[in-house]
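Accompanying notes for the structure given below.
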Amino acid sequence: LKDQFDNLDKHTQWGIDFLEKYAKFVKERIEIEQNYAKQLRNLVKKYCPKRSPKDEEPRFTSCIAFFNILNELNDYAGQREVVAEEMGHRVYGELMRYSHDLKTERKMHLQEGRKAQQYLDMCWKQMDNSKKKFERECREAEKAQQSYERLDNDTNATKADVEKAKQQLNLRTHMADENKNEYAAQLQNFNGEQHKHYYIVIPQIYKQLQEMDERRTIKLSECYKGFADSERKVIPIISKCLEGMILAAKSVDEHRDSQLVIDCFKSGFEPPGDFPFEDYSQNIYRTISDGTISTPKQEGMRIDTKTTVGKAKGKLWLFGKKPKPQSPPLTPTSLYTSSTPNGSQYPIFSIEPVHYCMSDIKTGKPRIPSFRSLKRGLVSWYFCLQGPALEDFSHLPPEQRRKKLQQRIDELNRELQKETDQKDALIKMKDVYEKNPQMGDPSSLQPKLTETMSNMDRLRMEIHKNEAWLSEVEGKVAARSDRRHSSDINHLVTQGRESPEGSYTDDANQEVRGPPQQHAHPNEFDDEFEDDDPLPAIGHCKAIYPFDGHNEGTLAMKEGEILYIIEEDKGDGWTRARRHNGEEGYVPTSYIDVTLEKNSKGA
């Protein structure tokens, strides 16, 4: 390779071009990774659920699993960004820096080689000039010698011409000898430089170019490895993301989703009872002897052949649309309105036009099979007239009302805990100010402390009020389940008992023969059909201090008075108690001495 300087120049340039080509490849791969991660994040953002209130957010396991998969996919996109960042820092950036250094080093080595070649060419030119000069002087000396010999042999030449020719010969001979010595010196110098050029300088430059090219090859190998390592480093995390997606898929529980649907839409109402048999044949009198049909007693009672028992008897509607049976048109005989203390009005019906009223409420059902369904329809109508939302959620079905009340109680308890923490902090700060007056005035904290105490009292009252409503709902649900159980047991006894007017009764010992003559308020249905049993006593207490009990829901007591405990303190500082006469309310736990009975909770 001693004479292949130009070829090595081309080869090193090709090496640098290949290095930059690979760097361009890595750059495009980085752009692909970045775009892929960006598209994944946009996809996750597109399908992520929008923030909504907890009440409206479905918590089905399939939805939760999908949201977890989206989170894992978002983490996966983050790992793709890590791959792109690692490749950009470790591979592409390193390649660009090394390419710049490689170009600088190659340029320096090539310049050194060109300088050595130029120096050798200069030595050769000097040697060639001295050689040509020596050759010229030798020819001049030969001419002077021939001229001297000719004059010396010529007899006609004067002695002066001969002497002049001799001097000229000596001069040319001396100059030829000097040029000979100079040529010899230049030749020796050129030979030395040429040997040094081909055996020392150029091999050293080629060695440096070889080392440079080998380092370039090693750098490419390291970049290839770094390119793969950037991907391999994130494989464990990507595997965890994929495992998270598999776990999310395994967490889908169809039974739990079904239970959530049931809990979400469960109303707590009882299903409607059996439809009574309506016998229209009692108003038809047939004369068998002469085969004529007598005129019905009531002209308004006409039989519609479309609603005969025979046709309706063979139609079953377990999951299909339930046909609306038609009934004889009835006209309400009395429709009253009454005013509640808050000024709202509600309708009051006598039992006789119940069919007419409930046909509007129940969307076409001919009769209400029980007073419980009648009460539910009237109460729902009453609350529709009252307003869309009430404080005690009484406009909702029992089960939904219980959930709403429980959620409100939990929220109030959290607010009460915050106020309690704030009160404790204010008390501690006040103590610090009292011990160190230079830090602040203790009296400046009193208004805030008073406000906090007032908020705590208000929150406790709200909690007691909502707990009372919750206890009422839970008691009604329990009573309703007991009545449902008893009605299921007595179903065979009550089934088949028909009143003289063609309607079935719910009570085996009682038949409804005519409408009562008094009007009923919707609340009277609650008192008549849903009387809650009083809570059992779980202990007793003795009043240590008197308590006036002016606030709503509290129970006044005297010092030394004995009361029954029906509900323990739940951590809010109040205990529910009952007098001997049945009056109930909340009393401060710190004002009484409580004694709980054993095994009271089981009872």
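I'd like the full set of residues that are within 30 Å of residue 82 (Cα to Cα), of a type in the set (Lys, Arg) and either at pLDDT below 85 or loosely packed, with under 12 Cβ neighbours inside 10 Å (or both), limited to the stretch 237-279.
250
What about residue 128, is it at negative phi, open to solvent by less than 50 Å² (accessible area, probe 1.4 Å) and free of Cβ contacts under 8 Å to residues at least 12 places away in the same chain?
Judged against the criteria, residue 128 is a match.
So, in the stretch 112-147, exactly how many residues are farther than 16 Å from residue 178 by Cβ and hydroxyl-bearing (Ser, Thr, Tyr)?
2
Quick one: residue 189 ticks every box in (1) open to solvent by less than 80 Å² (accessible area, probe 1.4 Å); (2) at pLDDT below 90 except a single one, so which number is it?
Unmet for residue 189, out of (1) open to solvent by less than 80 Å² (accessible area, probe 1.4 Å); (2) at pLDDT below 90: (2).
For the stretch 540-565, name all the residues that are assigned to a strand (DSSP E or B) and under 20 Å from residue 467 (Cα atoms).
Within the stretch 540-565, 554, 564, 565 qualify.
Take the conditions modelled with pLDDT of 80 or more, more than 42 Å from the chain's Cα centre (by Cα) and buried (at least 18 other Cβ atoms within 10 Å of the Cβ) and apply them to residue 430. Does it pass?
Judged against the criteria, residue 430 is a match.
Taking the options 167, 204, name whichever one is part of a helix (DSSP H, G or I), at pLDDT below 90 and either open to solvent by 90 Å² or more (accessible area, probe 1.4 Å) or among the aromatic types (Phe, Trp, Tyr) (or both).
Of 167, 204, the one residue that is part of a helix (DSSP H, G or I), at pLDDT below 90 and either open to solvent by 90 Å² or more (accessible area, probe 1.4 Å) or among the aromatic types (Phe, Trp, Tyr) (or both) is 167.
If I filter the stretch 54-69 down to residues being over 12 Å from residue 257 (Cβ atoms) and of a type in the set (D, E, K, R), which single residue comes out as modelled with the lowest pLDDT?
55
What do you reckon, is residue 152 surrounded by fewer than 18 Cβ atoms within 10 Å (Cβ to Cβ), in contact with a helix residue (DSSP H, G or I) (Cβ under 8 Å, 6 or more places away or on another chain) and in a helix (DSSP H, G or I)?
Yes.
Do you know which residues across the stretch 192-201 are out of contact with any Lys or Arg (no Cβ under 7 Å at 6 or more places or on another chain), over 9 Å from residue 124 (Cα atoms) and open to solvent by 50 Å² or more (accessible area, probe 1.4 Å)?
195, 196, 199, 200, listed by residue number.
Could you grab the pairs with beta carbons closer than 7 Å, sequence gap of 6+ or different chains, first residue in the stretch 409-425 and closer than 18 Å to residue 464 by Cβ and open to solvent by less than 90 Å² (accessible area, probe 1.4 Å), second one not in a helix (DSSP H, G or I) and not small (Gly, Ala, Ser)?
Final answer for the pair search is 416/572.
Looking only at residues in the stretch 436-456 that are exposed (fewer than 13 other Cβ atoms within 10 Å of the Cβ) and not polar (S, T, N, Q), which one is modelled with the highest pLDDT?
447
Can you spot a residue in the stretch 83-93 that is crowded, with 17+ Cβ neighbours inside 10 Å, within 30 Å of residue 251 (Cβ to Cβ) and either touching a Ser or Thr at 6+ places or on another chain (Cβ under 8 Å) or not assigned by the TED database to the domain that holds residue 217 (or both)?
Checking the stretch 83-93: at least one residue is crowded, with 17+ Cβ neighbours inside 10 Å, within 30 Å of residue 251 (Cβ to Cβ) and either touching a Ser or Thr at 6+ places or on another chain (Cβ under 8 Å) or not assigned by the TED database to the domain that holds residue 217 (or both).
With the requirement that a residue be of a type in the set (Ser, Thr, Tyr) and within 19 Å of residue 216 (Cα to Cα), what does the stretch 1-40 give you?
Listed by number, the residues that qualify are 12, 22.
Name the residues in the stretch 538-550 that are modelled with pLDDT under 85 and open to solvent by less than 90 Å² (accessible area, probe 1.4 Å), would you?
Within the stretch 538-550, 549 is the sole residue that qualifies.
Tell me, please, whether a residue that is modelled with pLDDT of 80 or more, of a type outside the set (A, V, I, L, M) and open to solvent by 100 Å² or more (accessible area, probe 1.4 Å) can be found in the stretch 294-309.
no
Can you confirm whether residue 101 is under 60 Å from the mean Cα position of the chain (by Cα), closer than 30 Å to residue 201 by Cα, without any contact (Cβ under 8 Å) to a residue 60 or more places away in the chain and in a helix (DSSP H, G or I)?
yes
The values are calculated or read from the model by the stated rules, or taken from the named source; none is laboratory data. Computed from a prediction, not measured in an experiment: that's the story for all the values here. Positions of Cβ are backbone-derived with ideal geometry, glycine not excepted, and every protein chain shown enters the neighbour counts. SASA here: full protein model, heavy atoms, side chains in, ligands and nucleic acids out. Shrake-Rupley method; radii C 1.70, N 1.55, O 1.52, S 1.80 Å.
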